[in-house]
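Read through the structure below, which is laid out as structure tokens, and then see the notes.
The values are calculated or read from the model by the stated rules, or taken from the named source; none is laboratory data. Keep in mind that what you see is a predicted model, and the values were worked out from it rather than measured. Using ideal geometry, Cβ is built from the backbone for each residue, glycine included, and neighbour counts are taken over all protein chains shown.
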């Protein structure tokens, strides 16, 4: 009799062949996909870094332009005296504390009088810089006192300083409008500066001076370094002439040659990777991403154009080494190989077990047939067919599954009902805990929680938080003469008006206590908060709620104190409340029915 292969071998061989073929095919497809994904991920990461830098620069340069415009308007409207050096020192220092990425804020006059607040390099300390008649024409740097004005003399310049001869002053005067100057030294002892100058004009278009805001190379380089997520990658910033403004590795941007400042173009950088990228962009100035070779390694170079306020044009460069992503591909392939090997072992063992289960009953029947052929008639039980057992078990499980399904459905229905009931109760409790019972807006507890949350968020994201503290003028006289019922109606009407001005998702209108209300405005600068406060005061006037016992007018009016801060690390939110409360006191002291501080003329409602 011909000896063939065993039934177990006959069953397992096709199974293993198909299984191994599928594993190999899947492995090859996975390799191709991982390779494509690695390149796609590299480009996406490069774009994300570039966009993150672009967004950060947008915020930085918009802040600088806004401060320059605001200071120009304050000086032109005489809300800040052109010759009031002390007021300028305090205002500029306060603005620097609120704008942590700005380097210097200044005002120079045609008479060569110069006042500036400047952040010390590699730190947060703010100094006052003065030049002019009182300093005998040389630049002097002072520490600041508790009132943010000049206190102790720290440095005296060695040569005369003429602010009217500086590039930023002359450029602003020449253009007659806010404009960005070419980077230069802020002064003889500092690094490279880059800023915007806004000319200030008086009556008859007479030049009163130039208001300036500057960003140093340290701040720009810190932006790039914080946005760079690859340990081996680089980012750099260039102006329209191809000169470097900042690099994520803080490499040199300039050198002095015979007393003159020589700025490096990207192709002249001491960092060989930036120099190679600069040569590539000089050869082919197209924006977008491309692969370039630097030494023995490949890098993805992404050039991203940036256009900012007042005609500012820059180019952002991002360099990412391909080895970072090829290493990731190698790791994935190693892991995949181990998984494939594990799959082969598991699949083989599973196939053997399965074929054994199928072939075992047949082998027993064959043995029983051989026993009968030998004349051995001793009876032995016939093995049950595995198919029959599986079918029988399947029917039993099918019946049990139907019963279990009915039980589970019933249980789930009851759980859903109980969950819905709990959600309704929890929603009511949450509303009662955070809502003011009289006015229907947020209560003091909710106000405290939201302010702390938004304060912490602003610290992390380096964004401002504004607060409006509102007080109904002479409300006690209203209650005393019209009664508490009418007083409650006024409280509801005022709450409704204030809530209507909290239009953004994160804005919060709350009853602060008694006749006081609060409006929390995350991500809002002082100018925006003042503008909204003026609209709110006007909206209350427009409601024309009668108040015959008010010394502020025949109708119900509001007094509002406004404050806005960039929260510093470790600073408490109570600082913001304290500033807004002081401004509310000023609004009441000046006659009520108004906003404090007073809004600049260019930002008034309706202007």
Residue count, the range 277-302 (criterion: closer than 19 Å to residue 314 by Cα and assigned to a loop (DSSP other than H, G, I, E, B)): 4
Subset of the range 294-306 [under 26 Å from residue 254 (Cα atoms) and without any contact (Cβ under 8 Å) to a residue 40 or more places away in the chain]: 294, 295, 299, 301, 303, 305
Breaking point among (1) surrounded by 18 or more Cβ atoms within 10 Å (Cβ to Cβ); (2) touching a helix residue (DSSP H, G or I) at 6+ places or on another chain (Cβ under 9 Å), for residue 62: (1)
Odd one out for residue 212, checked against (1) closer than 30 Å to residue 162 by Cα; (2) over 29 Å from the mean Cα position of the chain (by Cα); (3) buried (at least 20 other Cβ atoms within 10 Å of the Cβ): (2)
Single condition residue 467 does not satisfy, out of (1) in contact with a helix residue (DSSP H, G or I) (Cβ under 7 Å, 6 or more places away or on another chain); (2) in a helix (DSSP H, G or I): (2)
Test: residue 147 is farther than 21 Å from residue 209 by Cβ and in a strand (DSSP E or B): no
Hey, residue 172 buried (at least 23 other Cβ atoms within 10 Å of the Cβ), free of Cβ contacts under 8 Å to residues at least 60 places away in the same chain and closer than 27 Å to residue 221 by Cβ or not: yes
Residue under evaluation residue 199, criteria (1) within 29 Å of residue 256 (Cβ to Cβ); (2) touching a helix residue (DSSP H, G or I) at 6+ places or on another chain (Cβ under 7 Å), criterion not met: (1)
Members of the range 516-536 that are surrounded by fewer than 21 Cβ atoms within 10 Å (Cβ to Cβ) and under 21 Å from residue 492 (Cβ atoms): 516, 535
Count of residues meeting criterion [modelled with pLDDT of 90 or more, more than 13 Å from residue 86 (Cα to Cα) and within 37 Å of the chain's Cα centre (by Cα)] in the range 113-141: 4
Exclusive hit being over 28 Å from residue 572 (Cβ atoms) and in the same structural domain as residue 524 (by TED's automatic domain parsing), set 481, 448: 481
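I need a count of the residues in the range 145-163 that are touching a strand residue (DSSP E or B) at 6+ places or on another chain (Cβ under 8 Å) and either surrounded by fewer than 17 Cβ atoms within 10 Å (Cβ to Cβ) or without any contact (Cβ under 8 Å) to a residue 40 or more places away in the chain (or both). Outline the logic, then answer.
To start, the set of residues in the range 145-163 that are touching a strand residue (DSSP E or B) at 6+ places or on another chain (Cβ under 8 Å) comprises 145, 148-161, 163.
Cutting the leftovers down to either surrounded by fewer than 17 Cβ atoms within 10 Å (Cβ to Cβ) or without any contact (Cβ under 8 Å) to a residue 40 or more places away in the chain (or both) gives us 145, 151-160.
Going through the range 145-163 one residue at a time, the tally reaches 11.
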Which listed residue is touching a strand residue (DSSP E or B) at 6+ places or on another chain (Cβ under 9 Å) and assigned to a helix (DSSP H, G or I), from 101, 97: 97
